[in-house]
Amino acid sequence: MKNVVRIDGNAVEPIDADIVETEPNVYSVVTAGASFEARLTGDEIAIGAARVRFEIEDLRQWKGARHALGAHERASLTAAMPGKIVRVLVGVGDEVSGGQGLIVIEAMKMQNELKSPCAGRVTSIEVKANDSVTAGQLLATIGQEP
Amino acid sequence: MGQPFQAANSLSASSAGPKAGLQGGSPGPTSFSKILIANRGEISLRIIRTLREMGIRSVAVYSDADRAALHVRKADEAAHIGPAPSSESYLNIERILDAARKHSVDAIHPGYGFLSENAAFAQACEDAGFVFIGPSPRSIALMGSKTEARRVAQSGGAPIVPGSDSDPVAFAREAGFPIMLKAVAGGGGKGMRRVDRMEDLQSAYDAASSEAERAFGDGRVYAEKLIENARHIEIQVFGDQHGQLVHLGERECSVQRRHQKVIEESPSALVSAMPGMRERMGEAALKAARAAGYYNAGTVEFLADNSGNFYFLEMNTRLQVEHPVTELVTGLDMVRLQIEVAAGAHLPFTQEQIALLGAAMECRIYAEDPANNFFPSPGRIEQLSEPAGPGVRVDSGIYPGWTVPLEYDPMLSKLIVWSDTREHAVERMLRALGEYHVGGIRSNIPLFRAILNDPAFRAGDLHTAYLDQLLQTKLDLNPAPSPEIARIAALVALKNAALKNAKAEQTEPAAQSHSRWLAAGREELLH
C-alpha cells in the first residue's frame, strides 16, 4: 500500500530527508545539501518563493488532506456568501484539475474566482451569469464519471 | 525629541549650529494625556505605538467588523462607533466625537484616508474642544479642492501643470492631446481619465464626472495637460504653528497601478542625480505650503520629467501612507512631531539641520492575487510570518487568525526597509520579502519580487506607466516549482497527514489505547 502525492497535479516521489514540524504547520526539511522551511495552509505548501498545491491519494484517506474522488463520489461547489454570478468558466463534461477556476462570483463589490475542490469532471452547473445566489447555494458538482 | 541624523546630503547648502529645540527656549507647549485615533488597521496601530512611547493614553475606535482587529487589541482604550460600513462608523463625525467625549480625550489624530482630509471634521473637532492633529480646517479646505490648490500653489510661485477647470474642449484644442481629466475633489485615482482624442473627450468627461460624483459626492472635473513618462515625486513638508516650515526631502512614488502607489522610496534616483533639484523642489513645495498658511505634516506632490522639470500636482493635507520612508532616511518619528506641533511646540530643528541618510523603500502588501488579475483575496489569515532583521520595519494590522474584512481597503501591511544605498535597499527588500509568508489568502508579494528584479527598476528608470507596461510583459508570477522543491513538498504533505491523523486519533477516546502505536506504524509506512 503506497501513498501517491500529487504536487500541482503531478505524482511526485517524496524526497528522502530529515523532517521536523517546528511550529504548527511549519516544517523544517534538511537534506544532505540544503535546509528548507515549508509552510502548509489548507492544500497549499509554500517553500521559499514557490507555492504549490498538494493532494494525497490513499486508501486510508488521511484526515486533513485532500483525496481524489472515488468512482462514484461527487464534490460540490457552493457559494460561501450571497452574491452574483459574473462568469461561468467551464461547461458540463469538462475535465478540471484541483484548484482550477470554475465560476467567478461578485460579493461585497469584489470579484472572486471559485476553484474546483478536486480534480474530476464537471457533472453539473447549477447557475448562469447574472444569477443571484444565496450563501450555501449549490453552484456546480464535480464527479469522476466520464 | 530626537535630532535628525547629521550626515551628508544636507537638504540645504548652508550649515548652522544647533538651534533651540523643544527642551530649549520654546514656550511650554500644552501636553496631551489622551488621544483618540479616528482610524483603523495598521495606521491606527502605528500611532498607538508612538503614543505609548510618549506616555499618552490611546483610544482606538472600531466598527462591528473590527471588534477583533489588532489596533483594538493594542490600544489602551477602545470605543465602538457603529456598524461595518464606513459611512456609519469611520466616516461618521458625530459618532467619533461622541467616543472622544465619552473617553475624555484631549486631541484626535485622523490618520490617513477616512476623515483625514475633511475640513468639516477638523472644524468639528475644534468646535467640540478637541485638538485636531493636522493642519487648520482652512488649509485643508484650500488644498482639498484640486483647482483651488493649483491657484494657491501658483500664487505662491510653484510651477503647475497647464490646465483648466472651465472648458476642457477649448483647453484640449490649445494644449493638445493627451490630456488628463481629474476630479476636483479627487484622490486615490478615482475620477481620473486619460484622453487621447477629441472624439473621446465627452464620454471620458461623463465617466470621470459620474465616478467622482459617486466617490466624493462632487462631480466637478478639470482638465490637465498629460505629461508623458512623468515621474511622481513628492516633498514632505512640516510646519509648526509659529510660522516655521521645513521640508524633509522627497519620496518617489512612480511605481503605480491604476493611479495607486505600489512602491515608494526616498531619495529619488532622479532627484539625487540632478544637481540642485532637491533644493528647487523643496523650495517650490514650501512656497505652495506657505501660501496655504500650512502647519503640521503635509505632502506636496509633483510630476517631474527626466530633465529635472517639475510641476505642482496637488497637496495632501495629512500624514501619508508612505511616511515611514521619510522617517527612515531622516531618523524622525513624524507622528511624534505631529503631536508636538499640534500641542503648540516649535519645530525642534531648522532646515539646515535636516539631512537624508541612506535609502529607504516601502512595499504596500495587499490581499490581492497578482497572478489572477489582482482579484481581491479577502479571508482568514491562517498563517503569518513577518520579516525581521537589520533595516526592516513592518507596519502591519494583521495577525494569524484575523479575517481581512471585506468592507475596507485590503492593505495588509507596509514592508519598509532601509540601507546605506538604493542598491542595498533593493537587495534587503528582496531578502525581507523572502521571509514574508501570509498563508490562507493571496498577497501581492510575488509582484514585488518581479518589480525588484526588473533591470529598469534597478536602474531607477521609472515613470508612472512603468508598472502597467511591466505587467503587459506577462510576468511569470507563479513559477513552476523545481523538481527538488516538488519532492520536498511531497514529503511535507505526507508528514503533515501522518501527524494530523495521529493527533485526531489521540483526541478520540475509543482509539486512545492504541493510537500511538498506530501513529508510529503509519509513520513507519511513510518512510
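The values are calculated or read from the model by the stated rules, or taken from the named source; none is laboratory data. Fair warning: this is a prediction, and the values are worked out from it, not measured in the lab. Cβ placement follows ideal geometry from the backbone for every residue including glycine, while neighbour counts extend to all protein chains displayed.
Here is a yes/no grid of residues against (1) touching a Gly at 6+ places or on another chain (Cβ under 9 Å); (2) within 27 Å of B:A345 (Cα to Cα); (3) buried (at least 18 other Cβ atoms within 10 Å of the Cβ):
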| position | (1), (2), (3) |
| --- | --- |
| B:D98 | no, no, no |
| B:S116 | yes, yes, yes |
| B:F121 | no, yes, yes |
| B:A128 | no, yes, no |
| B:M143 | yes, yes, yes |
| B:R150 | yes, no, yes |
| B:A153 | no, yes, yes |
| B:F171 | yes, no, yes |
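Of all residues in segment B:153-173, which are within 21 Å of B:E199 (Cβ to Cβ) and among the charged types (D, E, K, R)?
B:D167, B:R173
Yes/no per residue for (1) surrounded by 23 or more Cβ atoms within 10 Å (Cβ to Cβ); (2) touching a helix residue (DSSP H, G or I) at 6+ places or on another chain (Cβ under 9 Å):
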{"site": "B:Q353", "(1), (2)": "no, no"}
{"site": "B:A360", "(1), (2)": "yes, yes"}
{"site": "B:R380", "(1), (2)": "no, no"}
{"site": "B:Q383", "(1), (2)": "no, no"}
{"site": "B:G401", "(1), (2)": "no, no"}
{"site": "B:E407", "(1), (2)": "no, yes"}
{"site": "B:P410", "(1), (2)": "no, no"}
{"site": "B:A432", "(1), (2)": "yes, no"}
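Which of the numbered conditions does A:I103 fail, given that it passes all the others? Conditions: (1) modelled with pLDDT under 85; (2) within 14 Å of another protein chain (Cβ to nearest Cβ).
With respect to (1) modelled with pLDDT under 85; (2) within 14 Å of another protein chain (Cβ to nearest Cβ), A:I103 is out only on (1).
From the list B:A371, B:A345, B:A388, which one is closer than 18 Å to B:R258 by Cα and in a loop (DSSP other than H, G, I, E, B)?
That would be B:A371, the only listed residue that is closer than 18 Å to B:R258 by Cα and in a loop (DSSP other than H, G, I, E, B).
Only residues in segment B:156-173 that are in contact (Cβ under 8 Å) with a residue 40 or more places away in the chain count as the first member; pair them with residues that are part of a helix (DSSP H, G or I) and among the β-branched types (V, I, T), Cβ under 6 angstrom, at least 6 apart or cross-chain, and list the lot.
Note: pairs meeting the criteria are B:D165/B:T147.
So the check is Cβ under 6 Å with 6+ separation or different chains; which pairs have a first residue in segment B:301-325 that's polar (S, T, N, Q) and a second one that's part of a strand (DSSP E or B)?
Qualifying pairs under 6 Å: B:N316/B:T299; B:T317/B:G298; B:Q320/B:T299.
Specify the residue that is surrounded by the most Cβ atoms within 10 Å (Cβ to Cβ); the eligible residues are those in segment A:1-40 that are closer than 20 Å to B:Q383 by Cα and more than 7 Å from chain B (Cβ to nearest Cβ).
Among them, the one singled out is A:V26.
Here are B:R231, B:R251, B:R193, B:R214: which of them is touching an Asp or Glu at 6+ places or on another chain (Cβ under 6 Å) and basic (K, R)?
The unique qualifying residue is B:R251.
Given the criteria among the hydroxyl-bearing types (S, T, Y), surrounded by fewer than 19 Cβ atoms within 10 Å (Cβ to Cβ), over 30 Å from B:A288 (Cβ atoms) and within 24 Å of the chain's Cα centre (by Cα), does B:S104 qualify? So that I can check it myself, show each step before the final result.
Values: among the hydroxyl-bearing types (S, T, Y): yes; surrounded by fewer than 19 Cβ atoms within 10 Å (Cβ to Cβ): yes; over 30 Å from B:A288 (Cβ atoms): yes; within 24 Å of the chain's Cα centre (by Cα): no.
No.
Among what's in segment A:112-131 and is part of a strand (DSSP E or B) and charged (D, E, K, R), pick the residue that is farthest from A:S97 (Cα to Cα). Outline the logic, then answer.
First, the residues of segment A:112-131 that are part of a strand (DSSP E or B): A:112-115, A:120-125.
If we keep only those that are charged (D, E, K, R) as well, we get A:113, A:115, A:121.
Details: A:E113: 14, A:K115: 9, A:R121: 9 Å.
Looking at the filtered set, the residue picked out is A:E113.
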